[in-house]
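These notes are about the structure you will find just below.
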Amino acid sequence: MSVGERPKGFVPGRFPIDAYGNGGFRFADMSHKGSILALPSGIYAWAPTAITALTPQSFDAVRREAGDLDTLLVGTGADPAFLDDAILWRLREARIAIDVMTTGSAARTYNIMLGEQRRVAAALIAVA
């Protein structure tokens, strides 16, 4: 993808997560079915549907924006889970602090940190 080119499933800007569940999210007066990445540049559709589907490459977009964020919140779905060590190391190499929790907790924490003007991003797996 070239500079300035935006993928399908992209909404520019920083928005709080208004709701989650039923397999998707509501934000910016819109709804999206599936998982999302909320980054400093905007909110993107994100392919993973389960924590077991995550790879270090799942976070390449996060690493590209590492200079504009300090903390990444990872929403693991409905149940708590751990990230693979390879993923943690790759994000730590980019000097990104990682906090892993359920998607509901991550969405609420993201909204609070966003409201505090913190340099935060969220990788949120959709829940049913």
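The values are calculated or read from the model by the stated rules, or taken from the named source; none is laboratory data. This structure is a prediction, so every number in the text was calculated from the model and none was measured. Cβ atoms come from the backbone with ideal geometry, glycine included; neighbour counts cover every protein chain shown.
Structural remarks
- Considering residues of region 109-128 that are assigned to a loop (DSSP other than H, G, I, E, B) and of a type in the set (A, V, I, L, M) only, the residue farthest from Ala97 (Cα to Cα): Ala128
- Residue count for region 99-118 under the criterion of being farther than 20 Å from Ala45 by Cα and not small (Gly, Ala, Ser): the result is 6.
- In region 41-59, the residues that are among the basic types (Lys, Arg) form no Cβ pair under 9 Å with any partner that is assigned to a loop (DSSP other than H, G, I, E, B) and surrounded by 19 or more Cβ atoms within 10 Å (Cβ to Cβ), whether six or more places apart or across chains.
- Among the residues listed as Arg95, Arg90, Arg119, the single one being within 14 Å of the chain's Cα centre (by Cα), basic (Lys, Arg) and farther than 16 Å from Ile17 by Cβ: Arg119
- When Asp79 is tested against (1) farther than 15 Å from Gly23 by Cα; (2) exposed (fewer than 13 other Cβ atoms within 10 Å of the Cβ), only condition (1) is not met.
- Selection status of Asp29, surrounded by fewer than 16 Cβ atoms within 10 Å (Cβ to Cβ), in contact with a helix residue (DSSP H, G or I) (Cβ under 9 Å, 6 or more places away or on another chain), under 19 Å from Tyr110 (Cα atoms) and acidic (Asp, Glu): no
Residue-wise test of (1) polar (S, T, N, Q); (2) buried (at least 16 other Cβ atoms within 10 Å of the Cβ); (3) modelled with pLDDT of 95 or more.
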residue	(1), (2), (3)
Met1	no, no, no
Thr55	yes, no, yes
Trp89	no, no, yes
Ala97	no, no, yes
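- Scope region 44-82; condition charged (D, E, K, R), within 13 Å of Ile98 (Cβ to Cβ) and not in a helix (DSSP H, G or I); matching residues: Asp70
- Hits in region 24-63 (condition: over 13 Å from the mean Cα position of the chain (by Cα) and of a type in the set (D, E, K, R)): Arg26, Asp29, Lys33
- Taking the criterion of being under 14 Å from Thr76 (Cβ atoms) and among the acidic types (Asp, Glu), the only residue of region 93-114 that qualifies is Asp99.
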